[in-house]
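Coordinate-derived values only; no laboratory data. Quick caveat: nothing in here was measured; it's all calculated off a predicted structure. When we count neighbours, we look across all protein chains shown, and the Cβ atoms used for this are built from the backbone with ideal geometry, even at glycine.
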Amino acid sequence: MNKRTKTNRNKYLYLGLGVLLTIEGIYLNYEAILNGDFPDTIMLLALGVNQLLLAYLSPHLFPKDERAKEIFGKSMTINYFVLFGSMAVLILATGSFGFVTLDATQVLIVLFCIMAIAIPGTMVFYSKIL
């Protein structure tokens with residue numbers, strides 16, 4: 001199997017999983033969002049968006065060349081700051097100022113969702129400019 005076929009297969013696999021997880025995430029979360037509750041299964045929606053972004057990135061990342069390494073390296077550098085920035089915002093929002101009340105599990109879910117979307121999101125950004 002050549003590299004182009006493998007890249008296309010990965011792209012369609014990510015696309016299929018992304019569509020499935022996004023639809024399932026919307027279905028499971030819309031009632032909680034409409035009621036103003038915290039959507040506990042928001043991770044499915046974040047993973048669906050993650051897979052859709054990876055479907056777009058598949059041709060850019062799977063040829064393990066210098067450009068792919070540069071995209072990955074710069075993305076990880078930015079995501080280091082995104083993680084600490086989002087932690088700082090969550091600490092301020094739930095702690096000192098207290099305008100949001102989340103329990104520990106919900107805070108971890110929010111952090112997971114931020115990272116699941118931020119990592120491939122920054123890779124998409126760098127794939128456009130590099």
Entries in Lys3/Lys64; Lys74/Lys128; Lys3/Lys128 that, when Cα-Cα distance is taken, lie over 18 Å: Lys3/Lys128
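Between beta-carbons, use under 14 Å as the cut-off and find the net charge around Thr122, counting Lys and Arg +1, Asp and Glu -1. Write out the running numbers ahead of the final one.
Working: positive: Lys74, Lys128; negative: Glu70.
Within the 14 Å Cβ shell, the charges total +1.
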Once label points are set 7 Å from the Cα along Cα→Cβ at both Asp65 and Arg4, what is their separation, rounded to one decimal in nm? 1.4 nm
In degrees, nearest 10, range 0 to 90: what is the angle between the Cα axis of helix 3-35 and the longest Cα principal axis of the chain? 20 degrees
Would you calculate, for the chain, the mean residue ellipticity at 222 nm contributed by helices, counting each DSSP H stretch of 4 or more residues as -39,500 (n - 2.57) and dividing by all residues, to the nearest 500? -29000 deg cm²/dmol
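How would Thr7, Thr105 line up from fewest to most surrounding beta-carbon atoms within 10 angstrom? All intermediate terms of the calculation are to be shown ahead of the outcome.
On the way: Thr7 16, Thr105 10.
Neighbour counts put them in this order, fewest first: Thr105, Thr7.
Tell me, in nm to one decimal, what length is gained between Leu83 and Thr41 on full extension, where the rule is 0.36 nm per residue of separation less the Cα-Cα distance? Don't skip to the answer; put the middle values down first.
On the way: separation 42, 0.36 × 42 = 15.12 nm, distance 2.08 nm.
Using 0.36 nm per residue and subtracting the Cα-Cα distance, I get 13.0 nm.
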Here the range 102-112 yields Karplus 3J(HN,Hα) values (6.51, -1.76, 1.60; θ = phi - 60°; whole Hz; Gly and Pro given as x) of 10, 8, 4, 5, 5, 5, 5, 5, 5, 4, 4
GNM on the chain, C-alpha springs below 10 Å: top fluctuator among Asn35, Asn79, Asn50? Asn35
Exposure proxy check: Met76, Met123, Met115, Met43 ranked by fewest other beta carbons within 10 Å? Met76, Met115, Met43, Met123
Please state the charge dipole magnitude for the chain, taken about the Cα centre, from unit charges on C-beta atoms (+1 on K and R, -1 on D and E), reported in debye and rounded to the nearest 20. 960 debye
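Work out how much length Phe97 to Leu111 would gain on full extension: take 0.36 nm times their residue separation and subtract the Cα-Cα distance, in nm to one decimal.
Here the segment from Phe97 to Leu111 would lengthen by 3.2 nm.
Given a Förster distance of 22 Å, report the FRET efficiency between Tyr12 and Phe125 from their Cβ-Cβ distance, rounded to the nearest 0.05.
Numbers: r = 23 Å, r/R0 = 1.06.
The calculated FRET efficiency here is 0.40.
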Applying the gyration tensor rule to the Cα atoms of the range 1-74 (axes a ≥ b ≥ c; rounded if a/c under 1.5, else prolate if a/b exceeds b/c, else oblate), the class is oblate
Among Leu90, Leu108, which comes first, second and so on when ranked by fewest other beta-carbon atoms within 10 Å? Leu108, Leu90
